[in-house]
Every structure is written in C-alpha cells, then in structure tokens.
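The structure under discussion is supplied below as structure tokens; questions concerning it will follow.
Laboratory data are not the source of any read-out in this text; all were calculated from the coordinates shown. The structure presented is a predicted model; accordingly, all values stated were derived computationally and were not measured. Here the Cβ positions follow ideal geometry from the backbone for every residue, glycine too, while neighbour counts run over all protein chains shown.
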Amino acid sequence: MHIPDGFLDLKTVSATNVFSIGFLFYSIKKITKKLNPERIPLLGLSCAFIFTLEVISFPLPGGTTVHLSGAFFISLILGPFSGFFITFISLFVQALILGHGGILTIGANSLNIAFTGCVMGYYFYKFFEELFPSFKTMWIFIISFLTLITGSLLLLIELTISGKILFSKSLFPVLFAHTIAGIIEGIFTVSAISFLQRVKPEILKTQKI
Amino acid sequence: MKHHFIDDFAYKKGFLQRVDTGLKVILLILLLLCVLVIPEKVLFYIPFIILTFLFLIFSKIPFIYFLKRILIIFPFLLVLFSLSIFKENGLRIFLFSFLKSLISISFVFLFVMTTKMTALSEFIKKLPAGFLISDIFSFLYRYFFLLQDEFEKMKRAMISKGKNPKLKDYALLSGNLFIRSYERSERVLKAMISRGWKIK
C-alpha cells in the first residue's frame, strides 16, 4: 500500500528519503557505468509497463480488486538497480499524477515497494537459485510473496514510528491483506516469467544491472 | 479509451501557469514540508485551505473537477483510518493526518495541473543525474496511456473469444504486454537513432 503525504512524521520522512534517494543515485551510478544507448528506451518502456501494471485493477472473487506491484518481476528481467530505478520513477509519477502515495513519502514507499521488491528480492532469489537450482519456480513464488510481506511490515514500522497506529493491533489485518496480495503477486510472477521463458526467452537474457 | 491528461489546465492562462517550473517545485516542497510539521490545531490549517482556494480561483481550475481528482485518495485513507482507530486518541490522530494528506494532495495536484509535463521534464534534466530521470519520465508519460490501451484491447480480444480472464490469464496478458513493450523499445530506439538522438 502506498502511504500518502501527511501520515508519516518528519523524522521518518527524512530517514526514508535519505535512504531511498541515496540508493536512487547509487543505482543511477551503477546503471550509467555500463549504460549503452539501447538500454534507455527499454528502461523507459519498462517503466511505463510497471506503471500500467500498478494502475490496472484485477478483479478478485467477492467483488474486490487488487493491483500488482511487478517490482520483483521487473528486477528478474532488468536487474536490481535498473528495477529499483524505474520502480522509483513509476512511484513518483503515480504520486504526482494519480495521487497514489505522496511526494514526501516517496522515500518510504520506494523503500517498501521498490527496495524490497527489486533489490532484496533479486539478491535473495539469486542466492537461493544458486543453492537449489532445480526449484527456480518455487523460489520465484516464495520470494515474490515474501517481498510483499516485508514491504507491509516496513509500512507498519514506519506508521508506528510516526505515532499513527499501534503495531500489535494493526499487524494481523495488514498481514492478512498482504498475504492474499502476496499469493496473487507470486502466482502472477511465476506465470508471467514462465510465459516469457516459453514465448520470448531472449528477454530473460537481457543484461542485468 | 478516453484518457484525462492531467496537464490540460497547464495550457490555460492563469496565475500558477505563469510561474516558472523550478520556482513551483521549490514552493511545492516548502509547502509540503510546512504542512508536515504544523502542530495539530485546526487554526494552523486554515491558511493552507484558503491558499488552496486562492490558487484554484486564480489558476482557473474548476472546483468540481479538482474535487473529483482529490477524491481518489479516499480508499487509501479508509484503510489508514481502520488502522488508526485501535490507537488511543486514534480518531483525532487520523483526522489531523487526513487533513494534512488532503492539503498536501491539493498542492500536488495544483502543481501538476498547472505545469506542462514537457516543462517538468526539462526541469528534471537540470538536476544532478537528471538526464536519465528526465528521459525515463518522458518515456513513461508518452507510453503509459498507450500501454493501458493496448492492455484493454488484449483483454477485450480475450473476452470476445469467449474467455473470461482469470488471474493466470491476467499474468499472460501482462507478459504479452511486456513483450510488446520490449519490441516497441527496439523500434523506438531505431526511430530515435534515425532522428539523430545521442546519449548525453
């Protein structure tokens, strides 16, 4: 979930922004180091793709809808730093033109969604993939699920530090909602990656930065 | 599909439309910071609400249209409300956060509604490492509406063939959309190079 402006206090906003904007510049440095012009349109279109994915609502039984994050999915294709960079831009533009999230809370939202999804997700996946290479699909599902759960825990911590909620009382409803979203995200990531593997496997061999 | 381009009002002649983009960015950040740190007393919020109305009037933005746009945050606020009420004094905390959120989003929307996206992209280009951010930002704004339309077309085609899309089908549609984005990026690159584009 995206935190709007006004729900985090100054210290949380400052700390998360210092971290996320610092990491954004580190990612840009990493990307530009190996940058070839070919990659810019790819990053741009992937950013538009992530944005579209986050905007489209998918119907769930019972009349509710859910939207996907796609952060882990995109990092599996483009790499952790490119993934973080484009997810950050997508979150920023969402806050700007759609009102999903906030401008000052961009640090917190990108930490919860982009950092956990792209960077943590990618490195954990690589670690487990090397350890148990025959369970790739299972790792994609589990890590996709866990990135959402980690993001929701960070969200709870940020709101608790800002004095807006009680951690113990909010833990269950937030974890419950994100467990459902995590399972959906996991199924989505596994299905979409295996679809790419089947239809256009060269996309998965794109340089990962 | 019909899209609402948020910078439509940027082409009107109004007060905020005339202000330089860089100055507006600084003003926006300062206002958001002020809203963030103001104490929880109703009196402190009134000047910000008046300022929002003044900006709306002098920038010639219809109030109803503006209201419809800011209503978008209410579902998020509802979730945060359901979490806040468990806390002691939770309702009061939520109401002030809600007020802060509403004023902040009003300022953000006032900013984007009165700023041309091209001007914003030009401004971003001047920031440190701005060339990459500005390029990606421009790509996003250029292709997002297109990809959304493409997704809707694919979904409609699936439904017209008698298949009601389930989660797995949505994943396939998204995978297909990514392939189309990937292939489009290759065509766009060729078009950019043929027009003399070079990386700065």
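Rank A:Leu53, A:Leu196, A:Leu24 by mean-square fluctuation in a GNM of chain A with C-alpha springs under 10 angstrom and give only the top-ranked residue.
Answer for the Gaussian network model of chain A: A:Leu196.
Ok, one more. Quick one: which of B:Lys68/B:Lys155; A:Lys11/B:Lys41; B:Lys13/B:Lys68; B:Lys68/B:Lys161; A:Lys34/A:Lys136; A:Lys205/B:Lys24 span more than 32 angstrom between C-alpha atoms?
Beyond 32 Å between Cα atoms: B:Lys68/B:Lys161; A:Lys205/B:Lys24.
To continue, here is another question. With r as the distance between the Cβ atoms of A:Thr179 and B:Phe74 and R0 = 22 Å, compute the FRET efficiency 1/(1 + (r/R0)^6) and round to 0.05.
0.35
Just how far, in whole angstrom, is region A:70-119 from region B:122-176 if you go by their alpha carbon centroids?
Between the Cα centre of region B:122-176 and that of region A:70-119, the gap is 15 Å.
Another question, if that's okay. Can you tell me which of B:Phe86, B:Phe63, B:Phe53 moves the most in a GNM of chain B? Springs connect C-alpha atoms under 10 Å apart.
Looking only at B:Phe86, B:Phe63, B:Phe53, the biggest GNM fluctuation is shown by B:Phe86.
How far, in nm, would the chain grow between A:Leu131 and A:Phe19 when pulled straight, counting 0.36 nm per residue and subtracting the alpha carbon separation?
Here the answer is 37.3 nm.
Note the full-extension length gain between B:Ala129 and B:Leu51 as 0.36 nm times their separation in residues minus their Cα-Cα distance, in nm to one decimal.
The B:Ala129-B:Leu51 span can extend by a further 24.7 nm.
Another question, then. At 7 Å along the Cα-to-beta-carbon direction for both B:Ile85 and B:Asp169, put a label point, then send me their distance in nm to one decimal.
Each label point lies 7 Å from its Cα, and together they span 3.7 nm.
Hey, fewest Cβ within 10 Å first, where do A:Val174, B:Val79 land in order?
Sorted ascending by nearby Cβ count, the order is B:Val79, A:Val174.
Across peptide A:161-174, how many C-beta atoms of other chains are within 10 Å of each residue C-beta, on average?
Counting Cβ atoms of other protein chains within 10 Å of each residue's Cβ and averaging gives 4.
At 0.36 nm per residue, and after removing the present C-alpha to C-alpha distance, how many nm does the segment from B:Ile64 to B:Phe145 gain when stretched out fully?
26.8 nm
Per-residue counts of other Cβ atoms within 10 Å, averaged by peptide: what ranking do you get for A:176-189, B:154-167, highest first?
Result, highest mean Cβ count within 10 Å first: A:176-189, B:154-167.
Within 10 Å of each Cβ of A:196-207, how many other protein chain Cβ atoms are there on average?
Neighbouring Cβ atoms belonging to other protein chains average 2 per residue here.
Moving to a separate point now. Once you charge only the Cβ atoms, +1 for Lys and Arg and -1 for Asp and Glu, what is the size of the charge dipole of the protein assembly as shown about its Cα centre, to the nearest 20 debye?
Magnitude of the dipole: close to 960 debye.
A further question follows. Across peptide B:140-150, what mean number of C-beta atoms from other chains lies inside 10 Å of a residue's C-beta?
Across the residues of B:140-150, the mean count of other-chain Cβ atoms within 10 Å is 6.
What are the ³J(HN,Hα) values, in whole Hz, obtained from phi via the Karplus relation 6.51 cos²θ - 1.76 cosθ + 1.60 with θ = phi - 60°, for each residue of region A:137-145 in sequence order, with x given for Gly and Pro?
Once θ is set to phi - 60°, the couplings for region A:137-145 become 4, 5, 5, 4, 5, 4, 6, 4, 5 Hz.
Follow-up question, since we're still on this one. Per residue of chain B, what 222 nm ellipticity follows from adding -39500 (n - 2.57) for every DSSP H run with n ≥ 4, rounded to the nearest 500?
Computed ellipticity for chain B at 222 nm equals -25000 deg cm²/dmol.
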